[in-house]
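Comments concern the structure below.
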There are 2 protein chains.
Amino acid sequence: MFKPLEQADLPSRIADQVLQAIGDGLLRPGEHVTEARIAEQMGTSRAPVREALRLLESQGLIVSHPRRGFFVRSYNADELAEIYDLRECLETHNAQALVGKMTDRDLEQLEAQVELLKALGAEGRTQEQVVQDYAFHRMLCAVGGNSRILKLFDQIATELRSGIALVGRIYDDPVEIARTHDPIIAALRKKDASLIRSELHEHLRDASTHVIDIYRQWPSVPHDALPGHPF
Amino acid sequence: MFKPLEQADLPSRIADQVLQAIGDGLLRPGEHVTEARIAEQMGTSRAPVREALRLLESQGLIVSHPRRGFFVRSYNADELAEIYDLRECLETHNAQALVGKMTDRDLEQLEAQVELLKALGAEGRTQEQVVQDYAFHRMLCAVGGNSRILKLFDQIATELRSGIALVGRIYDDPVEIARTHDPIIAALRKKDASLIRSELHEHLRDASTHVIDIYRQWPSVPHDALPGHPF
DNA sequence: ATTCTGTCGATTGTCGACGATTGACACACG
DNA sequence: CGTGTGTCAATCGTCGACAATCGACAGAAT
């Protein structure tokens, strides 16, 4: 009847904006994020800004150094590799639980997801393709039924997205990338747990090395070389 | 020459105390944690208390409801099962990476850990045995080499410990429990990845069902039955 | 020239206070 | 007697201000 009209609380909205700023490259990795400046620009006090930054910190997108402040997190190749390793850990684990729980309805939907992925790739809408890619893998996690693992996946996805956003062009061949999901679908059809696992393993390892390769070419800010105040 | 004399910042110290209070059963699951009260008792203002609680929230030990405040998290059986599932996910994943990375030195140390576990069990020092149990599994994670996974394990361990602390007597046969680690060691000796995985799987599944069984007998506070202000 | 010291500006950590919102309780009404 | 409304106390969310701390910079001493 009536919409709940819930406007999110201030910290969440601030966090969203900061997150978007990071994604848009407005805030670059390693950059110092001053509480007062954001507070001023947002027309609020520092308290909610602080909470927002702490929230993002808990999600791994911001790092804080005592008495130094908050900095946009920058990932080096090793850290990216670790993240992908963890992601593989989560996805393959669920893949096993998946076999028993996946319904035919789920399988259909997953196939549809990949089709959409291909369509977006063919049209060159890479930005949406990235989102769709995560949607597919997310559903893989969701079917597993462990809300905790799903939450972790979402966190990782956010991190990777923010980290990857800076790279710009991720896929050199979007159509090819979409196609790499076919073996996974095939394995799912067979309901072969170990095959699903190995296909996912290969898929994610490829993605990992690919992203990391691109990342290496980027002049990222080493996050242990922390300048005091970059002004 | 001189000790660094680093006294942790206020929020961390507060978090430690709250954590200990939870572990000691001074704050029971589901209970409302009032900012002002803690601030008063600690002789500080509410701001650092807030930060401490948010920190604990990010670690999953506290839940917050907007405009309602912070509550000590209570786990139901399903959530415990999910946590154990995630833990199994992490440990088994590492077990695979382990085969290649584990040195003889590591293996020796792991064996020593289990021996200590047995000794503590034989002497009936269950509290320390629990800690030692985590230490063993933690090292298993550590050898894997993924700092991210290790961090997650630590978080989970903290949660489980706080959740389990309430149960009191965890092991009805401490010696038996210690012995269940032998098959894992044996598998590690063989450097058989899939065997390691299956042994860990069984070990953790046993622990899970055991803990959950005990938990079911406990009159835990259902955490969706949130009283407004419990005064 | 290099190193150490002292000062300075900027930012964080902490504080007390105010308004807003929530849940509980008592009361009127059907 | 059950239902709904109004009031109230308690607590959270937010605010502006102050002191403590940090890094940067300039100057003195060796």
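Here are the numbers for the structure shown:
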item: Per-region count, segment A:44-60, residues within 16 Å of DNA strand C (Cβ to nearest atom) and outside any helix (DSSP H, G or I); result: 2
item: Filter result for residue A:142 (in contact (Cβ under 8 Å) with a residue 40 or more places away in the chain and either within 27 Å of residue A:60 (Cβ to Cβ) or assigned to a helix (DSSP H, G or I) (or both)); result: no
item: Flag for residue B:70 being aromatic (Phe, Trp, Tyr), in contact with a helix residue (DSSP H, G or I) (Cβ under 8 Å, 6 or more places away or on another chain) and within 16 Å of DNA strand C (Cβ to nearest atom); result: yes
item: Members of segment B:1-37 found to be more than 9 Å from DNA strand D (Cβ to nearest atom), away from chain A (no Cβ under 14 Å), out of contact with any strand residue (DSSP E or B) (no Cβ under 8 Å at 6 or more places or on another chain) and open to solvent by less than 100 Å² (accessible area, probe 1.4 Å), listed by number; result: B:14, B:16, B:19, B:21, B:23, B:25
item: Any hit, segment B:184-204, residues being more than 29 Å from residue A:77 (Cα to Cα), touching an Asp or Glu at 6+ places or on another chain (Cβ under 7 Å) and open to solvent by 50 Å² or more (accessible area, probe 1.4 Å); result: yes
item: Single residue of segment A:1-51 satisfying the filter (touching a residue at least 60 places away in the same chain (Cβ under 8 Å) and not hydrophobic (A, V, I, L, M, F, W, C)) that is nearest to residue A:67 (Cα to Cα); result: A:32
item: Test: residue in segment B:126-136 that is in contact with a His (Cβ under 9 Å, 6 or more places away or on another chain), under 26 Å from residue A:152 (Cα atoms), buried (at least 19 other Cβ atoms within 10 Å of the Cβ) and away from chain A (no Cβ under 14 Å); result: yes
item: Segment A:11-43, subset charged (D, E, K, R) and not in a helix (DSSP H, G or I), residue modelled with the highest pLDDT; result: A:31
item: Residue in segment B:147-162 that is over 30 Å from residue A:75 (Cβ atoms) and in the same structural domain as residue B:92 (by TED's automatic domain parsing) present; result: yes
item: Residue within segment B:106-114 that is surrounded by fewer than 19 Cβ atoms within 10 Å (Cβ to Cβ) and outside any helix (DSSP H, G or I) present; result: no
item: Subset of segment B:40-62 (residues that are open to solvent by 60 Å² or more (accessible area, probe 1.4 Å) and of a type in the set (Ser, Thr, Tyr)); result: B:45
item: When residues of segment B:74-101 are limited to those that are outside any helix (DSSP H, G or I) and crowded, with 19+ Cβ neighbours inside 10 Å, the one farthest from the other protein chains (Cβ to nearest Cβ); result: B:74
item: Residue that is nearest to the other protein chains (Cβ to nearest Cβ) [pool: residues in segment A:41-73 that are among the small types (Gly, Ala, Ser) and on the phi > 0 side of the Ramachandran plot]; result: A:60
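The values are calculated or read from the model by the stated rules, or taken from the named source; none is laboratory data. Predicted model, so just to flag it, every value in this text is computed and none were measured. In this analysis, Cβ positions are derived from the backbone assuming ideal geometry, glycine residues included, and neighbour counts consider all displayed protein chains. Accessible surface areas use protein heavy atoms only, side chains included; no ligands, DNA or RNA. Shrake-Rupley method; radii C 1.70, N 1.55, O 1.52, S 1.80 Å.
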